[in-house]
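A short worksheet on the structure shown next.
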Amino acid sequence: MSRSLVSHTLASVIRALARFLAEPVSRPAATHDVLALSGLLCAGDVLLTEGNTRAAALVRRVTRSPWAHVSIYVGPLEAGDDPPCIVEAEISAGVRAVPLSQFKGQRLRIVRPLGLKEIDRQRLADWLVGRIGDPYDLLLACALCLWCLKLPAPRTMVQDAKRFICSSLLVHAFLFVGHPIAIGRARSVVPRDFESAAGFEVVKAPPA
């Protein structure tokens with residue numbers, strides 16, 4: 001079998017796996033109005049969400065956390081009542097911009113970077129928007145799953161500078177403006193880490 005055929009087959013398998021993991025599964029819906037958060041959010045605010053896909057269920061299980069996903073508010077990117085305003089790295093689509101309604105029915109928590117100047121919030125947003133279209137880093141996601149399960153994993157998780165998972169996208173964004181989330185272990189950050197990270201505060205918690 002030729003190397004090109006092997007590569008093509010592997011790529012097809014990876015795409016099929018990503019589509020499978022991105023399929024939604026049913027979960028009890030949260031009752032809050034997610035669109036009402038638009039007046040609360042500032043550029044740079046991080047949204048921790050439970051997710052509603054097979055991938056989210058896997059992340060919650062291996063990280064032992066209610067939070068399966070992190071995304072970040074950058075402000076409205078077009079006109080309308082529910083414009084794309086959140087940038088995220090999604091397993092089947094890569095880095096993309098989505099509206100707040102994307103998280104309808106999900107429990108969420110908002111954390112805000114402390115002491116970030118307005119000019120840095122804009123630089124952060126601009127950097128994130130510039131990443132839209134970059135692919136998802138499925139290899140890093142797999143390595144993190146192994147690490148969380150305390151199973152053998154590569155000694156070094158070398159990241160492709162053009163590929164991201166949800167947490168690594170935000171880590172790189174905050175490093176870009178000099179606001180690191182986890183000095184010394186940036187490659188092993190998972191969604192739950194943003195909830196207790198130094199330099200961030202919770203501005204909205206899910207209803208009881």
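Give me the percent of accessible area attributable to carbon and sulfur for region 61-155, probe 1.4 angstrom.
That share works out to 53 percent.
Please list 3J(HN,Hα) in residue order for region 42-48, calculated via the Karplus relation 6.51 cos²θ - 1.76 cosθ + 1.60 where θ = phi - 60°; whole Hz, with x for glycine and proline.
With the stated coefficients, region 42-48 comes to 10, 3, x, 5, 9, 9, 9 Hz.
Which distance in nm do the two modelled labels at K117 and V25 give, with both placed 7 Å along the Cα-to-Cβ direction?
The two pseudo-label positions are separated by 4.6 nm.
Between A198 and L175, what is the FRET efficiency for a Förster distance of 22 Å, r being their Cβ-Cβ separation, to the nearest 0.05?
After rounding, the FRET efficiency stands at 0.95.
Non-local amide H neighbours of K204 (under 5 Å, H modeled in plane, Pro and chain starts lacking H): which ones?
Correct list: I110.
The values are calculated or read from the model by the stated rules, or taken from the named source; none is laboratory data. Quick caveat: nothing in here was measured; it's all calculated off a predicted structure. We place every Cβ from the backbone using ideal geometry, glycine too, and count neighbours over all the protein chains shown. What goes into the accessible areas is simple: the full protein's heavy atoms, side chains included, and nothing from ligands, DNA or RNA. Shrake-Rupley method; radii C 1.70, N 1.55, O 1.52, S 1.80 Å.
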